[in-house]
Structures are given as C-alpha cells and as structure tokens.
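Since the structure comes first, as structure tokens, the remarks are kept for the end.
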Amino acid sequence: MAYNKRFDGRKFDEVREMEAKVGIIPRAEGSAMFRTGKTVAIAAVYGPRGVFPAFLQNPKEGRLKCVYDLLSFSVTERKRPGPSRRSTEISMVTEDSLKPVLDLTKFSYLGVDVYVYITQADAGTRAAGINAAALALADAGMSMKDLITSIAVGKVSDKIVVDLDKDEEDHEDGATDLPMAMSTRTGEITLLQMDGNMTQKEIKEAVEMGMKACLDIKKVQVEALKAKYKGAGK
Ligand code: UDP
C-alpha cells in the first residue's frame, strides 16, 4: 500500500526532534546524551587506560573498544539483559564508524573505552548511539579529524524516508532500514548497513537523503559541545 503520509506527520526527509548534551557523567573522561524523538542514547568514555588481557595491547596505537547495550526496560517488551549477537554486532559497527576520525597514535599500549547505553528505544538506536559516542569522545578531548554523524534512512512501503521510528520500522512486513554514519567534513562514509530490499536507485536516493540529514544533525552535535564551553575563558 502507498505510504503517502508519515504516521507522526513528518515530511519524508524530516528527522525527529533531536537533542544533545555533553558532560553528563562527571566520573567519565567524556560523556554525552543524544536523543531523536523517543530514542535516547547515552555514551561515556573512559581512558586512555591499561588494556587487559595484555595481548590486546598495540605498541603502534591505542585500542578503541565500544560496548553497546540496549537496556532491558528501554523497549516495550522487556529485553533479556546481557550481551547478544545484536549488541556484539552494533558494538563492532560503532567502533568501525568512529575509528577513521580518531588519532590513537599517542596512546600506544593503552585503550580508550566507549560505553553506549540505550535508555529508551524507538528505532534508530545504533545511529543515536554513534552520535552520542562521537560527542563523548570529543568531550573527552580526544584528537579527532571530525565528529561522526549518524542516521538511519529506509523505505516504508513505497517511500524513502529518513529517521524511521519503530511504528514505521514495523509497518506491513517491516521496512527496509539503512543505517549510515559519516564525517560531514570529509564526506567519508564510515557506516553503511542495510536490512531489507531496495533498488540501486533507491539506495542512492536514501543515502543522499541521509547525507543531507547528517548536515543538520552535525549542527545539533556542535551546539551541544559549544553549550558546555560557553563562557569558558572569560
Ligand atoms: N528492539 C526491541 N527489542 C530488542 C531489539 C530491538 O524492541 O531486543 C527495537 C528497538 O526499538 C530498536 C528497533 O527494534 O530501536 C530496531 O532495532 P535494530 O536492530 O534494527 O537496530 P536500530 O534500528 O535500533 O539501530
């Protein structure tokens, strides 16, 4: 069936209301919250610190470890606590999304750990988690070429849409979901996954829509960093 109007009234290329804040966890080296609609992610950065077991230490550069978890009561149907195949996969793609902008060469033998928790989930959690993690790394003062900005785009019935919520993801037999992440400064895409079916033309349209959305999301991220340092040095 044609999907002519989005359930929540958004335009097809419109993201949900977004909000970001850094410095939310004082004991962490860096931390951030990122919200899109009803999806909320928090991220905390610890380190550089020792890496154990020692065989994981790298003399050439520090090791980035990302741990993603969707909390049990973040979803309507309680999720079994603890790691899963899904959380292992999302932890890995979070790491891979962030690594290209990070300079870890100063941290030989050491590790930087990033913990991402989804406290409320309404689809698009890996993208929200990556946005929060990038902000937390910047808040920790890590040497970075750029922030990483992430969004999920997809296809609901016959329409390409940006930032799908759970109702859209579950529509009919399930939407096609295409999470992506990029450096808006260099244009490098650091995450591109797809769950579902789209033609080559549709994928191109979706990615272009996502890239445009990332430019706006980046503004939300940058504002969050600026807000923390407002008035500093005066
Ligand atoms: N979800 C859920 N229970 C789970 C895992 C996921 O209810 O155990 C929901 C949650 O709202 C999540 C959505 O399904 O955001 C889509 O999950 P997916 O694996 O596609 O990743 P995401 O879109 O969150 O990056």
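The values are calculated or read from the model by the stated rules, or taken from the named source; none is laboratory data. For clarity, every value in this text was computed on a predicted model and none was experimentally measured. Don't worry about glycine lacking a Cβ; one is built from the backbone with ideal geometry, like all the others, and counts go over all protein chains shown. In case anyone asks, the SASA skips ligands and DNA or RNA and just uses the protein heavy atoms, side chains included. Shrake-Rupley method; radii C 1.70, N 1.55, O 1.52, S 1.80 Å.
Can you name the condition, by its number, that residue 154 falls short on among (1) more than 14 Å from the chain's Cα centre (by Cα); (2) open to solvent by 10 Å² or more (accessible area, probe 1.4 Å); (3) within 17 Å of residue 90 (Cβ to Cβ)?
Condition (2) is where residue 154 drops out.
Quick check on my filter: what residues within the range 74-99 are among the β-branched types (Val, Ile, Thr) and over 23 Å from residue 184 (Cβ atoms)?
The answer is 75, 76, 88.
Under 6 Å by Cβ, and 6 or more places apart or on different chains, what pairs join a residue from the range 112-134 that is at positive phi with one that is within 13 Å of the ligand (Cβ to nearest atom) and assigned to a helix (DSSP H, G or I)?
123/166; 123/169
Within 13 Å of the ligand (Cβ to nearest atom) and in contact with a strand residue (DSSP E or B) (Cβ under 9 Å, 6 or more places away or on another chain): is that true of residue 167 in this structure?
For residue 167, the condition - within 13 Å of the ligand (Cβ to nearest atom) and in contact with a strand residue (DSSP E or B) (Cβ under 9 Å, 6 or more places away or on another chain) - is not met.
Run down 200, 120 and say which single residue is closer than 15 Å to residue 41 by Cα and open to solvent by 50 Å² or more (accessible area, probe 1.4 Å). Can you show your working first?
Working: 200 fails: closer than 15 Å to residue 41 by Cα.
Within the list 200, 120, the selection yields 120.
Those residues that are surrounded by fewer than 20 Cβ atoms within 10 Å (Cβ to Cβ), part of a strand (DSSP E or B) and small (Gly, Ala, Ser), I need them from the range 37-72; list them, please.
50
When you scan the range 44-60, do you find a residue that is among the charged types (D, E, K, R), under 25 Å from residue 107 (Cα atoms), over 18 Å from the mean Cα position of the chain (by Cα) and more than 14 Å from the ligand (Cβ to nearest atom), even just one?
Checking the range 44-60: at least one residue is among the charged types (D, E, K, R), under 25 Å from residue 107 (Cα atoms), over 18 Å from the mean Cα position of the chain (by Cα) and more than 14 Å from the ligand (Cβ to nearest atom).
Please note which strands (runs of 3 or more DSSP E) are completely contained in the range 108-185 and include at least 3 residues that are among the charged types (D, E, K, R).
On the way: elements: 110-120, 149-156, 159-162, 176-182.
It comes to none.
I'd like to know if the range 85-104 contains one or more residues that are of a type outside the set (Ser, Thr, Tyr), part of a loop (DSSP other than H, G, I, E, B), modelled with pLDDT of 95 or more and more than 12 Å from the ligand (Cβ to nearest atom).
yes
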